[in-house]
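K.L.:
Sharing a structure, written as structure tokens. Questions coming.
The values are calculated or read from the model by the stated rules, or taken from the named source; none is laboratory data. Given the structure is predicted, the values throughout are model-derived calculations rather than measurements. Cβ sites come from the backbone with ideal geometry, for glycine too, and all protein chains shown count toward neighbours. Protein only, heavy atoms only, side chains kept; ligands, DNA and RNA dropped before computing areas. Shrake-Rupley method; radii C 1.70, N 1.55, O 1.52, S 1.80 Å.
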Amino acid sequence: MQEQGQNWEDVMSSLMQARSKDLPYEKVLSSMCTYPHPIAVEAYKMFIESNMGDYGLFMGTYELEQAILSMLGDLLHNPHPYGYLTTGGTESNIQAVRAMRNACKSINDPNIIVPASAHFSFDKIADVLKIDVRKARILSDLVVDTSHMRSLIDQNTVGLVGIAGSTEFGQVDPISELSKIAIDNHIFLHVDAAFGGFVLPFIGQHPSFDFLLPGVSSIAIDPHKMGMSIIPSGALLFREEKMMLSLKVDTPYLTISNQYTLTGTRSGASVAGTYAVMKFLGKEGYRYIVNRCMALTYLLIEEAKKIDVHPVIDPVMNIVALSVLDPKTIRKELANKFGWQVSITKQPSSIRLVVMPHMTEESIIAFVQDLKKVLEHLKTSTNTGSEKSYDFDGTGNMA
Ligand code: 0PR
């Protein structure tokens, strides 16, 4: 750190320089985040110094958080949820598993069972919480094999995890079946709906995944993904107060006498941003956004099929995995030659596209055209054994 402060203009100029290196979302198909709604940004700025770690000082923000919990509870069929706003899916998952473990104090060597498709936050959980995280097999339609999950349960199992919107494929596990297994075995069931929580309730026909199912004990749902809020904004909801209470830590010198959260200091601005966008959009607003993303998802698949590229599974939500040979090279070519950011999946291997609200019909069509060019390029390079140039604009002009 330099001795003397810089002037405002110089600091701003280095900020602008850094900003210019960040990618705008328009060509990003790899992210579950998007531009936050403008009203979330406004609200965020209004509450910038608010700290929910000591919310006795910020009772107004605290009331907004309670209002969010009640809106989320309504969305997820639980009129009286317990919970709080987290920094995102990772924290919600950590806290849900920590609550399961703490609620089963008599078990010394606890384990949980998660689908093999679970987000990598569960690998962090194994490390942080020192809990055995067992992975259940995935079936060919990329949902968890419930009989394998059942067979992994033993007397030290404290809970199961189901995914409503898997990170790689947007698939939804058979949560109603997991709910039965959890009840039969007297164990908890956490649903990771970090992505799908703001999607499933707004698409017509969808599988049950929330508190309507009696075995579901907690849900992670992220406003900073399809909830159109600012980063960081996640939420963790419990069915029963006793799970939340199992996270309680005394905080004698604060304005509040205890905390249930993982972090101490916590952004009240995130709370305000999420409250504002949820109030502003209402269910109708989210339904419009989700339906538009789904329409773009179907357009993407239709266009991809025209170039003989097919999805790994029929999309359940706005995530598409396209089967291609050599996804790693295709990902690199799409980025280096055309500026598109896509991700790749492990098993089955594919390129994975998240159709977020920043995508448009034009960008979807442009993407598939560029994908076509990459595939043709790779085909000719493989056939001739030599590196060929790209026909960038489709007019025969080679770069
Ligand atoms: N659960 C599921 C099902 C997720 O997909 C994710 C994140 C998490 C939990 C963890 O959420 P946080 O990252 O909020 O803690 N899934 C995305 C992923 O790993 C996160 C992401 C977002 C990655 C934007 C890249 C990106 O540009 O793919």
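K.L.:
Please find, within the range 319-354, the residue that is most open to solvent (accessible area, probe 1.4 Å) out of those that are within 13 Å of the ligand (Cβ to nearest atom) and of a type in the set (S, T, N, Q).
P.N.:
Filtering first and then ranking leaves 341.
K.L.:
Does at least one position in the range 158-171 carry a residue that is surrounded by fewer than 24 Cβ atoms within 10 Å (Cβ to Cβ) and touching a His at 6+ places or on another chain (Cβ under 6 Å)?
P.N.:
Yes: one or more hits.
K.L.:
Filter the range 49-70 down to residues that are among the aliphatic types (A, V, I, L, M) and either open to solvent by 40 Å² or more (accessible area, probe 1.4 Å) or modelled with pLDDT under 95 (or both), then give me how many there are. So that I can check it myself, show each step before the final result.
P.N.:
Step one: of the range 49-70, the residues among the aliphatic types (A, V, I, L, M) are 52, 57, 59, 64, 67-69.
Applying the additional criterion that residues be either open to solvent by 40 Å² or more (accessible area, probe 1.4 Å) or modelled with pLDDT under 95 (or both) yields 57, 59.
Total satisfying the criteria: 2.
K.L.:
For the range 172-187, how many residues meet the condition of being open to solvent by 10 Å² or more (accessible area, probe 1.4 Å), among the hydrophobic types (A, V, I, L, M, F, W, C) and in a helix (DSSP H, G or I)?
P.N.:
So the answer is 1.
K.L.:
Working only within the range 148-161, note down all residues that are away from the ligand (no atom under 11 Å from the Cβ) and not in a helix (DSSP H, G or I).
P.N.:
Once the filter is applied, which keeps residues that are away from the ligand (no atom under 11 Å from the Cβ) and not in a helix (DSSP H, G or I), the range 148-161 yields 153, 154, 155, 156, 157, 158, 159, 160.
K.L.:
Follow-up. Considering every residue within the range 232-253, establish whether at least one is within 16 Å of residue 41 (Cβ to Cβ) and under 22 Å from the mean Cα position of the chain (by Cα).
P.N.:
yes
K.L.:
When the range 341-363 is examined, which residues are found to be in contact (Cβ under 8 Å) with a residue 24 or more places away in the chain, charged (D, E, K, R) and more than 16 Å from residue 374 (Cα to Cα)?
P.N.:
346, 361
K.L.:
So which of 255, 261, 265, 274 ends up being part of a helix (DSSP H, G or I), within 30 Å of residue 59 (Cβ to Cβ) and polar (S, T, N, Q)?
P.N.:
274
K.L.:
Among the candidates 244, 228, 278, single out the residue that is of a type outside the set (Phe, Trp, Tyr), in contact with a strand residue (DSSP E or B) (Cβ under 6 Å, 6 or more places away or on another chain) and either at pLDDT 95 or above or within 16 Å of the ligand (Cβ to nearest atom) (or both).
P.N.:
Only one candidate passes the filter, namely 244.
K.L.:
Here's another thing I want to ask about it. In the range 297-314, is there at least one residue being at positive phi and open to solvent by 40 Å² or more (accessible area, probe 1.4 Å)?
P.N.:
The answer is yes, given that some residue of the range 297-314 is at positive phi and open to solvent by 40 Å² or more (accessible area, probe 1.4 Å).
K.L.:
To continue, here is another question. Which residues, counting only those in the range 218-231, are in a loop (DSSP other than H, G, I, E, B), closer than 16 Å to residue 76 by Cβ and open to solvent by less than 10 Å² (accessible area, probe 1.4 Å)?
P.N.:
222, 223, 226, 227
K.L.:
Next question, about the same structure. Which condition number in (1) surrounded by fewer than 22 Cβ atoms within 10 Å (Cβ to Cβ); (2) within 13 Å of the ligand (Cβ to nearest atom) is the one that residue 259 fails?
P.N.:
Among (1) surrounded by fewer than 22 Cβ atoms within 10 Å (Cβ to Cβ); (2) within 13 Å of the ligand (Cβ to nearest atom), the lone unmet condition for residue 259 is (2).
K.L.:
Here is a follow-up. Being open to solvent by less than 20 Å² (accessible area, probe 1.4 Å), out of contact with any His (no Cβ under 8 Å at 6 or more places or on another chain) and either farther than 25 Å from residue 298 by Cα or of a type in the set (S, T, N, Q) (or both), is that true of even one residue in the range 134-143?
P.N.:
no
K.L.:
For the range 232-239, does any single residue satisfy the condition of being touching a Pro at 6+ places or on another chain (Cβ under 9 Å), in a strand (DSSP E or B) and away from the ligand (no atom under 16 Å from the Cβ)?
P.N.:
yes
K.L.:
Restricting to the range 270-296, name every residue that is under 19 Å from residue 86 (Cβ atoms), open to solvent by less than 10 Å² (accessible area, probe 1.4 Å) and out of contact with any Asp or Glu (no Cβ under 8 Å at 6 or more places or on another chain).
P.N.:
270, 272, 273, 274, 277
K.L.:
Something else now. Look through the range 191-210, keep the residues that are more than 12 Å from the ligand (Cβ to nearest atom) and of a type in the set (A, V, I, L, M), and return whichever of them is most open to solvent (accessible area, probe 1.4 Å).
P.N.:
203
K.L.:
So residue 116 ticks every box in (1) more than 30 Å from residue 50 (Cα to Cα); (2) more than 21 Å from the chain's Cα centre (by Cα) but one. Which box is left unticked?
P.N.:
If we test residue 116 against (1) more than 30 Å from residue 50 (Cα to Cα); (2) more than 21 Å from the chain's Cα centre (by Cα), just (2) comes out false.
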